[in-house]
Amino acid sequence: MVAYGPISGDQGFTPAAELDAAAPRDLTPLPLYTPVEVVRAVLPEWTDRGDGAFLPAQGYSAAQPMPHLNGLGPVMAATRNYLYSLNAELANTGIYVGALTIASLIARSEVSAAAQAAFASADGPQFPVVDPDDLTEHYWNMYAKRDRVKRFHPESMTLQAATAQPPRGQAT
């Protein structure tokens with residue numbers, strides 16, 4: 001099994017209105033190119049064995065676009081598309097691909113500490129904080145059950161991503 005979550009304090013978000021082509025281009029290698037190459041490297045062995053699992057983590061903006069949290073979100077959305085396609089293509093081979101979408105900060109992480117400090121100083125939004133041990137349980141359940149390509153943490157965020165509608169007057 002390979003679990004992958006490449007986001008660190010070095011990556012950031014940009015408001016969509018301020019985004020230029022350089023930002024997503026510079027962000028693309030870790031969240032998109034690396035998973036593609038990891039799969040290419042391990043897939044022959046997994047195919048021969050008839051078993052394997054690839055479980056990347058993604059932030060919520062991969063599934064649900066959010067104002068001011070752009071740049072990384074579209075890149076993760078491209079990765080999400082790749083993972084869903086890969087899951088469908090490998091469905092009957094014994095190889096499992098799933099994505100854990102995390103809609104919270106992760107306790108004891110560099111990103112969590114930086115985000116909480118930034119939000120506090122700007123009187124900004126409050127995000128839930130999850131213990132990484134809880135995420136480990138989610139990964140294990142995904143690996144053991146292999147019954148769905150996606151899982152959200154917290155689960156309550158699943159409905160919001162699935163039912164989000166564009167603002168009135170905008171095409172879907």
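The values are calculated or read from the model by the stated rules, or taken from the named source; none is laboratory data. As the structure is a prediction and not an experimental result, all values here were calculated from the model. Backbone-built Cβ (ideal geometry, glycine too); neighbour counts: all protein chains shown.
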Among residues belonging to the range 24-38 that are of a type in the set (A, V, I, L, M) and closer than 13 Å to M76 by Cβ, point out the one that is modelled with the highest pLDDT. L32
Can you name the residue in the range 47-99 that is assigned to a strand (DSSP E or B) and in contact (Cβ under 8 Å) with a residue 60 or more places away in the chain and is also nearest to the chain's Cα centre (by Cα) among such residues? A57
When you check T158 against the structure, is it over 21 Å from L27 (Cα atoms), at pLDDT below 95 and within 14 Å of the chain's Cα centre (by Cα), yes or no? yes
In the range 13-46, how many are touching a strand residue (DSSP E or B) at 6+ places or on another chain (Cβ under 7 Å) and either loosely packed, with under 13 Cβ neighbours inside 10 Å or assigned to a helix (DSSP H, G or I) (or both)? 8
